[in-house]
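The values are calculated or read from the model by the stated rules, or taken from the named source; none is laboratory data. Everything numeric here is computed off the predicted structure, so don't read it as measured data. Counting neighbours? That spans all protein chains shown, and the Cβs are built from the backbone with ideal geometry, glycine included.
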Amino acid sequence: MEARPVAFVTGGASGIGRATVLRLVDDGFHVAAADRDSERLDDLAASRDHITVHTVDVRDQASIARAMADYPEIRALVCVAGIYQPRAFEDITMDDFRLMLDVNLLGVFAAAQTVLRRMPGGGRIVTVSSRAAIGGTNFAHYVASKAGVIGLTRAMAMELRPRRIAVNSVAPGFTDTPMTRSMPPEQYTQAQALEPSGMAADPDDIAGAIAFLANPATRFITGQTLFVDGGKSL
Ligand code: NAI
């Protein structure tokens, strides 16, 4: 039997990342799930075959490199790891802002740069930005980090074209995950009511778009941001 191609997913332990790991296994990948939450990773590894897990902090490029060293070739990298810490603009400290950029933006850079030597014949990189990249209130540092992810995605797409690496971003709208469920319930309900369909996306809705862009058949799509937000950004 032919060996499965490898996909490496950061933030794979929870929410959108976890749904993406399971979807990529369904699509025939062996998936390396990397996350800082080792408890949830163990739970994920026990749930299905074709998954290996790695405790990684995306702020630490060496920890990413150690995890990737287990795979001579990685066909697809999906950068999902992220944090969301709502704060009014005037309450965001410099440390809050730096942490946000370190995880949400530099974490993508660190993983994408490290994967290059494992993609000798080309591959796919999918980043996860957010509909919030086009604006929002009470999380300016998050908005800036996600707008940065879109810029980084476009820059990587241009520079990595000669290596046959396609780089795209998925920009989810409000999605039902542990991240959004950590909001006070009344805020969650309010946010849901503001969606065009009156409901949050399911992590599988986002994972489907990510898996599409990770698929070898989409090699000619690059530098794009696919909004998966039920039309809210229209
Ligand atoms: P989640 O909180 O359920 O999952 C995020 C995962 O990232 C967790 O497993 C966490 O441990 C991991 N992570 C956080 N910091 C890390 C670090 N330094 N190193 C390694 N792993 C780390 O969140 P969710 O909702 O699944 O979000 C996934 C991505 O989608 C994030 O980038 C988020 O910003 C983005 N997104 C989420 C939306 C939503 O409504 N849930 C909307 C738009 C974008």
query = Can you list the helices (runs of 4 or more DSSP H) found entirely within region 18-125 that contain at least 3 residues being more than 10 Å from the ligand (Cβ to nearest atom) and on the phi > 0 side of the Ramachandran plot?
reply = none
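Please work out if GLU90 is exposed (fewer than 14 other Cβ atoms within 10 Å of the Cβ) and touching a strand residue (DSSP E or B) at 6+ places or on another chain (Cβ under 7 Å).
It is false that GLU90 is exposed (fewer than 14 other Cβ atoms within 10 Å of the Cβ) and touching a strand residue (DSSP E or B) at 6+ places or on another chain (Cβ under 7 Å).
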inquiry  = Given (1) more than 12 Å from the ligand (Cβ to nearest atom); (2) not in a loop (DSSP other than H, G, I, E, B), identify the lone condition not met by ILE206.
reply    = (1)
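Taking region 213-234 on its own, how many of its residues are in a helix (DSSP H, G or I) and in contact with a strand residue (DSSP E or B) (Cβ under 8 Å, 6 or more places away or on another chain)?
Residues of region 213-234 that are in a helix (DSSP H, G or I), as a first pass: 213-214, 216-218.
This time we only want the ones that are in contact with a strand residue (DSSP E or B) (Cβ under 8 Å, 6 or more places away or on another chain), so: 213-214, 216, 218.
Residues that pass the stated criteria total 4.
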message = Being at pLDDT below 95 and of a type in the set (Ser, Thr, Tyr) narrows it down to one residue among THR222, THR218; which is it?
response = THR218
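Rundown of residues vs (1) touching a Leu at 6+ places or on another chain (Cβ under 6 Å); (2) hydrophobic (A, V, I, L, M, F, W, C); (3) at pLDDT below 95; (4) over 22 Å from LEU152 (Cα atoms), yes/no style:
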site: ASP42; (1), (2), (3), (4): no, no, no, yes
site: ALA46; (1), (2), (3), (4): no, yes, no, yes
site: ASP60; (1), (2), (3), (4): no, no, no, no
site: TYR71; (1), (2), (3), (4): no, no, no, yes
site: ASN104; (1), (2), (3), (4): no, no, no, no
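Might you check whether a residue that is β-branched (Val, Ile, Thr), over 16 Å from GLY11 (Cβ atoms), in contact with a helix residue (DSSP H, G or I) (Cβ under 7 Å, 6 or more places away or on another chain) and within 15 Å of the ligand (Cβ to nearest atom) occurs anywhere in region 162-182? Show your work before the answer.
Start the filter on region 162-182 by keeping residues that are β-branched (Val, Ile, Thr), which leaves 165, 167, 170, 175, 177, 180.
Then drop every residue that is not over 16 Å from GLY11 (Cβ atoms), which leaves 165, 167.
With the extra rule that they be in contact with a helix residue (DSSP H, G or I) (Cβ under 7 Å, 6 or more places away or on another chain), the set shrinks to 167.
Of the ones still in play, those that are also within 15 Å of the ligand (Cβ to nearest atom) are none.
No: region 162-182 contains no residue that is β-branched (Val, Ile, Thr), over 16 Å from GLY11 (Cβ atoms), in contact with a helix residue (DSSP H, G or I) (Cβ under 7 Å, 6 or more places away or on another chain) and within 15 Å of the ligand (Cβ to nearest atom).
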remark   = When every residue in region 143-152 that is crowded, with 18+ Cβ neighbours inside 10 Å and of a type outside the set (A, V, I, L, M, F, W, C) is compared, the one nearest to ASP229 (Cα to Cα) is LYS146
request  = Give the number of residues within region 32-43 that are closer than 23 Å to ASP176 by Cα, surrounded by 20 or more Cβ atoms within 10 Å (Cβ to Cβ) and out of contact with any Gly (no Cβ under 7 Å at 6 or more places or on another chain).
outcome  = 1
Residue in region 122-142 that is surrounded by fewer than 17 Cβ atoms within 10 Å (Cβ to Cβ) and touching a strand residue (DSSP E or B) at 6+ places or on another chain (Cβ under 7 Å) present = yes
ask   = Tell me, which residue of region 1-17 that is out of contact with any Cys (no Cβ under 6 Å at 6 or more places or on another chain) and within 12 Å of the ligand (Cβ to nearest atom) is nearest to ALA171 (Cα to Cα)?
value = ILE16
key: Among (1) among the small types (Gly, Ala, Ser); (2) part of a helix (DSSP H, G or I); (3) without any contact (Cβ under 8 Å) to a residue 24 or more places away in the chain, the one test that GLY136 misses   = (2)
